[in-house]
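Structure first, commentary second.
The values are calculated or read from the model by the stated rules, or taken from the named source; none is laboratory data. Predicted model only: the values in this text are computed from it and were never measured. Don't worry about glycine lacking a Cβ; one is built from the backbone with ideal geometry, like all the others, and counts go over all protein chains shown. These accessible areas exclude ligands, DNA and RNA; they are computed on the full protein's heavy atoms, side chains included. Shrake-Rupley method; radii C 1.70, N 1.55, O 1.52, S 1.80 Å.
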Amino acid sequence: MKRTLSQHIDPENGPKRILSLDGGGIRGALTLGYLKKIETVLREKEQDQNLLLCDYFDLIGGTSTGSIIAAALAIGKSVDEIKDLYMDLGGKIFGQKHSFWNPLETWKFLKASYDYKALEESLKSAFGNITLESDRIKTGLCIVAKRADTNSTWPLINHPRGKYFYKNKNIPLWQAVRASSAAPTYFAPQMVDVGGGDRAAFVDGGVSMANNPALTLLMVATLKGFPFGWEMAEDKLTIVSVGTGYNIFKKQTGEIEEAWMKTWAQNVPDMLMQDASWQNQHILQWLSNSATAHSIDREIGILKDDYIGGKPLLKYLRYNFPITENDLNGLGLAKNFSKKDVTSLVEMSNAKNRGLLYEIGYAAASKVLNEHF
């Protein structure tokens, strides 16, 4: 089952499988709960208890916290290994806020809430001196970041025939992941030498249409401008997309009418991220006959038989979990969840929740069925 990078990315080497991982801060722990179940299902299916997700998937990609997990999977770590890493890393990354009451450090607080050095050192420890061209990356990898100085979304890939690979191949993996994870207000931007004397300023890939990177990964895999050249057909291309959980907006009209600027500033980013994610969902269900199809809205439903081109062009699976009182309490965990718990779990920097978020993801992954793969 184990294949080389060239075997994974070669369009002639059988059907292709893409794993896409959303951004969402510490809620990436919920993603890991899903991935543990996916790994278990695939090990049973392939009759190989040592199978890694980098053995099965030909392209693994992620945005922000999803890029951390994607990179770790791509270098051959098991989900259990990444879980241990993530639990430690999450506590360090979101555990060191700037001391804004210190007059000598006020400028740091005004730029970002958390000290980027904790994030940087954790990523260096996890990925060492691996670069984008390293043979230690065992499958196709795509890290989605946002170049702030040109306002462009960058898919950083390890395909040796990529147009910009000659410029980007020496970027350290830790730095590419740091660039994708530099969430504005949370962490300072990441400066990266992208070759040819060009220095770029990157912020979190979630500040784009690709916080859910599934559609971006589909384009990277199939558009002629990219080097993969994979064919679109239901029996030739599979996308498995995993979220970090999402909250349900439910406001009274009076709350909206009386909202202050600060209220909008706090809510608009999540509103836009959810819109972008649902647009991904909408388009990918339009392209597929998905076994996990969600109802988009009451007008178009799950887009059953509503294919672009008249037939499914890929196999698409989407796993995500609505973080609400009812849904949480329906998981059967040994805890009664309240509205206060929901507010705490939705917060993307609340590191104390990382263990519970993993449990939630693993319980929600009962929806991951053997027949999906």
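Annotation: residue 289 fulfils all but one of (1) in contact with a helix residue (DSSP H, G or I) (Cβ under 9 Å, 6 or more places away or on another chain); (2) touching a residue at least 40 places away in the same chain (Cβ under 8 Å); (3) polar (S, T, N, Q); the unmet one is (1). Every test in (1) among the charged types (D, E, K, R); (2) more than 19 Å from the chain's Cα centre (by Cα); (3) more than 15 Å from residue 201 (Cα to Cα) is passed by residue 120 save one, and that test is (2).
Being more than 30 Å from residue 161 (Cα to Cα), among the basic types (Lys, Arg) and touching a residue at least 12 places away in the same chain (Cβ under 8 Å) is a description that does not apply to residue 77. Scanning the range 220-235 for residues that are in contact with a helix residue (DSSP H, G or I) (Cβ under 8 Å, 6 or more places away or on another chain), under 20 Å from residue 23 (Cβ atoms) and touching a residue at least 40 places away in the same chain (Cβ under 8 Å) turns up nothing. Taken together, 315, 340, 304 contain a single residue that is modelled with pLDDT under 95, open to solvent by 60 Å² or more (accessible area, probe 1.4 Å) and either in a helix (DSSP H, G or I) or over 22 Å from residue 91 (Cβ atoms) (or both), which is 304.
If only residues of the range 149-167 that are over 16 Å from residue 199 (Cα atoms) and within 18 Å of the chain's Cα centre (by Cα) are counted, the one that is most open to solvent (accessible area, probe 1.4 Å) is 155. Of all the numbered requirements in (1) open to solvent by 40 Å² or more (accessible area, probe 1.4 Å); (2) farther than 17 Å from residue 239 by Cβ, residue 279 misses one, and that requirement is (2). Filter the range 318-337 down to the residues that are part of a loop (DSSP other than H, G, I, E, B) and open to solvent by less than 60 Å² (accessible area, probe 1.4 Å), then identify the one that is nearest to residue 211 (Cα to Cα). Ranking the qualifying residues of the range 318-337, first place goes to 320. Please verify whether the range 200-219 includes one or more residues that are exposed (fewer than 15 other Cβ atoms within 10 Å of the Cβ), modelled with pLDDT under 95, of a type outside the set (A, V, I, L, M) and not in a helix (DSSP H, G or I). No: the range 200-219 contains no residue that is exposed (fewer than 15 other Cβ atoms within 10 Å of the Cβ), modelled with pLDDT under 95, of a type outside the set (A, V, I, L, M) and not in a helix (DSSP H, G or I).
Conditions tested, residue by residue: (1) at pLDDT 95 or above; (2) closer than 28 Å to residue 54 by Cβ; (3) open to solvent by less than 30 Å² (accessible area, probe 1.4 Å); (4) touching a strand residue (DSSP E or B) at 6+ places or on another chain (Cβ under 7 Å).
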site	(1), (2), (3), (4)
100	no, no, no, no
109	no, no, no, no
114	no, no, yes, yes
126	no, yes, yes, no
140	yes, yes, yes, yes
143	yes, yes, yes, yes
147	no, yes, yes, yes
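The residue list 39, 120, 44, 81 contains one member that is assigned to a helix (DSSP H, G or I), modelled with pLDDT of 95 or more and open to solvent by less than 50 Å² (accessible area, probe 1.4 Å), which is 39.
Listed here are the residues, each with its yes/no results for (1) buried (at least 24 other Cβ atoms within 10 Å of the Cβ); (2) under 17 Å from residue 354 (Cβ atoms); (3) at pLDDT 95 or above; (4) of a type in the set (Val, Ile, Thr).
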position	(1), (2), (3), (4)
2	no, no, no, no
7	no, no, yes, no
30	yes, yes, yes, no
76	no, no, yes, no
85	no, yes, no, no
90	yes, yes, no, no
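Filtering the range 168-198 to residues that are in a strand (DSSP E or B) and either at pLDDT 85 or above or surrounded by 23 or more Cβ atoms within 10 Å (Cβ to Cβ) (or both) leaves 172, 190. For residue 20, the stated conditions do not hold, so it cannot be described as open to solvent by 10 Å² or more (accessible area, probe 1.4 Å), modelled with pLDDT of 95 or more and of a type in the set (Ser, Thr, Tyr). For residue 66, the stated conditions do not hold, so it cannot be described as surrounded by 24 or more Cβ atoms within 10 Å (Cβ to Cβ) and either in a loop (DSSP other than H, G, I, E, B) or among the aromatic types (Phe, Trp, Tyr) (or both). The criterion of being open to solvent by 50 Å² or more (accessible area, probe 1.4 Å), free of Cβ contacts under 8 Å to residues at least 40 places away in the same chain and over 20 Å from residue 64 (Cα atoms) does not hold for residue 370.
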